[in-house]
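Colleague: Have a look at this one.
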Amino acid sequence: MQRTTHRRSLARPVAVSLAAAVVLTATSCAKSEDDAAGGNSSATAAGAEQKVASPAPGSKTCTVEAYGAEKIDLKSATVGFSQSEKEANPFRIAETQSIKDEAKKRGVKLLTANAQSQFSKQISDVQDLLSKGADLLVIAPLNSDGWDPVLQAAAAKKVPIVTIDRKINATACKDYVSFIASDFVEQGKRAADQMIEATGGKGEVAILLGAAGNNVTTERTKGFKDRIAEKAPELKVVFEQTGDFAREKGQQVTEQLIQSNPNIKGIYAENDEMGLGAVAALKGAGKKPGDIKIVTVDGTRNAVQGIVDGWISGVIESNPRFGPLAFQTLDTFTQGEEVAQDIVIEDGAYTKDNAKSDLGKAY
Ligand code: GZL
């Protein structure tokens, strides 16, 4: 897998430079729906050593004193993990597994909850984790807004929060300690680079937008459009519609798309599940692999296999393996040391040149 370091640009002055990279071993991958249904056997991507993350340049830091919490021994603490979406999506399966694996490896007691893609349930899930005695929280938010009740409840109990994956609109080192995520704007830019290469930089393309109400959709869209404008002005985005990050909706929207826009040359799917839905729609319409160029984001096993099979041109990874990084951040913080408020997890990419050889690293 090609690994590239991309950074979110942060205007804030760096307080101190922190020890940066965290090198982890990707030791597991998720069973996707197809796998679970007895499709491809999902081998374990053993031993894929990879540099996974660094503090974003310019990131401020946070300490227990600044946050208003107490030093605790992580080993004797209870960590509550709130997952946002139902685990039909391999991204969510791999993300949750990564958290569970790291808690087990560290011997930390873990409580988990899954909001089944319902934001009101995620709010009550987190309240429930607090009532069950969570001393620390790791939250993978479904939405960026609406977190005030949870933030107030956690602050009242002096329970620090680390957010992973999507951003919540709140104050770092006050409402949450650190935000650990991919650089989604860069993912969009890299998807555009792959789309420009696949289409020759000319013609009509469509965007299958992610779900509304979170920064991932906004930033992946911004990165893609900015890059197209910068490098391939003759590539025109003529269609944008949400597929809600879901395979079935991605298929339905693509079925409409190829009826309304028969000249469409490329489809940018803002996650693999929608990209795989698009492949199903093209197959149903009698298209052949490569007739319409598909570029997606996540790095799931079935999407990378789609590159091998010729249906998908490229996949930008969105690394879901937050477990080691989230617990490292909690461990450092609860010992009273400084942690970065903004931590960027590194993402790889798959093309026809490495999809077959790197399939084992997909999740
Ligand atoms: C990205 C994550 C996105 C995945 C989708 O970090 O929030 O949500 O790309 C998932 O697969 O629905």
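Only the coordinates and a few stated rules stand behind these numbers; no lab work does. These numbers come from a predicted model, not from an experiment. Ideal geometry is used to build each Cβ from the backbone, glycine not excepted, and the neighbour counts take in all protein chains shown.
Colleague: Count the net charge of all other residues whose Cβ sits under 11 Å from the Cβ of D309, scoring Lys and Arg as +1 and Asp and Glu as -1.
Modeller: Charge balance near D309 sits at +3.
Colleague: With a 10 Å cut-off between alpha carbons and a GNM built on the chain, which of G323, G284, G188 moves the most?
Modeller: The residue that fluctuates most here is G284.
Colleague: Now for a different question. Using every pair of alpha-carbon atoms in the chain, split the distances into 20 Å bins beginning at 0 and state the percent of pairs per bin, rounded to integers.
Modeller: Answer for the chain: a P(r) of 31, 57, 12, 0 percent.
Colleague: Could you pull out the pairs from K75/K157; K60/K236; K86/K167; K167/K352 whose alpha carbons sit more than 29 Å apart here?
Modeller: K60/K236; K167/K352
Colleague: For region 154-238, run through the trypsin sites (Lys or Arg not before Pro) and keep only the ones in DSSP coil with at most 15 other Cβ atoms within 10 Å of their Cβ.
Modeller: K157, K158, K174, K202
Colleague: Grab the DSSP H runs of the chain that are 4 residues or longer, score each as -39,500 (n - 2.57), total them, divide by all residues and round the 222 nm result to the nearest 500 deg cm²/dmol.
Modeller: After summing the helix terms and dividing by residue count, I get -11000 deg cm²/dmol.
Colleague: Could I ask something else about it? Could you tell me how many degrees, from 0 to 90 and to the nearest 10, lie between the Cα long axis of helix 215-231 and the main elongation axis, the longest principal axis, of the Cα atoms of the chain?
Modeller: Between helix and principal axis, roughly 50 degrees.
Colleague: While we're here: Taking the convex hull of the alpha carbon atoms in region 184-317, what volume per residue do you get, in Å³?
Modeller: 83 Å³
Colleague: Can you give me the relative contact order of region 131-286 as a percent, contacts being Cα pairs under 8 Å and 6 or more apart?
Modeller: Relative contact order comes out at 21 percent.
Colleague: Let me ask something else about it. How do I123, I164 line up, fewest other C-beta atoms within 10 Å first?
Modeller: So the residues, fewest neighbours to most, are I123, I164.
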